[in-house]
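The values are calculated or read from the model by the stated rules, or taken from the named source; none is laboratory data. Here the structure is a predicted model, which means the values were calculated and not measured. Ideal geometry is used to build each Cβ from the backbone, glycine not excepted, and the neighbour counts take in all protein chains shown.
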Amino acid sequence: MKIIAFAGSPSKKSINKKLVTYAAGLFENGQVEVLDLNDYEMPLFSVDKEEVIGQHPLAKAFLEKIATADFLVVSLAENNGNYSAAFKNTLDWCSRINGKIFQDKPMLLMATSPGARGGASVLEIAKSNFPRFTADIKAVFSLPSFNDNFDIKVNVISNSELDKQLQEIIKTF
């Protein structure tokens, strides 16, 4: 099974990238490719820029990666209660090429944050919005208080109850 995983954050120290990398690695016999949003950095979308650029090649490349997946693992950063600007920009460019961005791929949707809500606001937005872009959300997982529940030295969820919850979700696939 080919798993495409990515974090909706351009941060080099993204806690969501740490979480998505860990989670994708839990799939047995999964061939995992973790994408970095920084490899898909495009100018801020506008119809004026689109008129000059056309379909941005990096948006095409992102969509091509999604097309290769059997399963998507996505962890969203929450910036002011919403997607990061970088992720939203990627969605905007991609949607102009193919409104079916997630191409009916089954998805594990996640978020984490330093706070106790664990990205709850962005998860609610994504749960409502992603199906419009043909995401087949199979499960949702939130990791609250990242700094207290994830050991960055060994890149694992250190809270055994939360780790077990994520592992149980993944076993269902």
Worksheet item: Residues 109, 19: which one is free of Cβ contacts under 8 Å to residues at least 40 places away in the same chain, closer than 18 Å to residue 167 by Cα and touching a Phe, Trp or Tyr at 6+ places or on another chain (Cβ under 9 Å)?
Response: 109
Worksheet entry | Every residue from region 110-165 that is under 18 Å from residue 22 (Cβ atoms), of a type in the set (Gly, Ala, Ser) and in a loop (DSSP other than H, G, I, E, B) | 113, 118, 119, 145, 158
Fill in: Every residue from region 79-100 that is in contact with a Leu (Cβ under 7 Å, 6 or more places away or on another chain) and either touching a residue at least 40 places away in the same chain (Cβ under 8 Å) or buried (at least 21 other Cβ atoms within 10 Å of the Cβ) (or both)
83, 86, 87, 89, 90, 94, 97
Worksheet, complete the sentence: Flagged pairs (Cβ under 8 angstrom, 6 or more apart or on separate chains; first in region 135-147, at positive phi and surrounded by 15 or more Cβ atoms within 10 Å (Cβ to Cβ); second at pLDDT below 95 and among the basic types (Lys, Arg)) are none
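Determine whether residue 45 is over 22 Å from residue 96 (Cβ atoms) and in a loop (DSSP other than H, G, I, E, B). Write out each step before concluding.
Details: over 22 Å from residue 96 (Cβ atoms): no; in a loop (DSSP other than H, G, I, E, B): yes.
Here the answer is no, as residue 45 does not meet what is asked.
Can you go through 41, 28 and tell me which one is under 18 Å from residue 83 (Cβ atoms) and out of contact with any Leu (no Cβ under 6 Å at 6 or more places or on another chain)?
Residue meeting the stated conditions: 41.
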Practice prompt. Determine, yes or no, whether residue 36 is more than 14 Å from the chain's Cα centre (by Cα), within 30 Å of residue 166 (Cα to Cα) and acidic (Asp, Glu).
Written response: no
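Taking the conditions exactly as written (closer than 18 Å to residue 2 by Cα, surrounded by fewer than 21 Cβ atoms within 10 Å (Cβ to Cβ) and either among the small types (Gly, Ala, Ser) or without any contact (Cβ under 8 Å) to a residue 12 or more places away in the chain (or both)), does residue 115 satisfy them or not?
Values: closer than 18 Å to residue 2 by Cα: no; surrounded by fewer than 21 Cβ atoms within 10 Å (Cβ to Cβ): yes; either among the small types (Gly, Ala, Ser) or without any contact (Cβ under 8 Å) to a residue 12 or more places away in the chain (or both): yes.
So residue 115 does not fit the description; no.
Every residue, every condition in (1) under 20 Å from residue 104 (Cβ atoms); (2) surrounded by 14 or more Cβ atoms within 10 Å (Cβ to Cβ); (3) in contact with a Gly (Cβ under 8 Å, 6 or more places away or on another chain), yes or no:
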residue	(1), (2), (3)
9	no, yes, no
12	no, no, no
17	no, yes, no
39	no, no, no
73	yes, yes, no
Discussion item. Checking the conditions here, which among 156, 74 is closer than 30 Å to residue 53 by Cα and among the β-branched types (Val, Ile, Thr)?
Written reply: 74
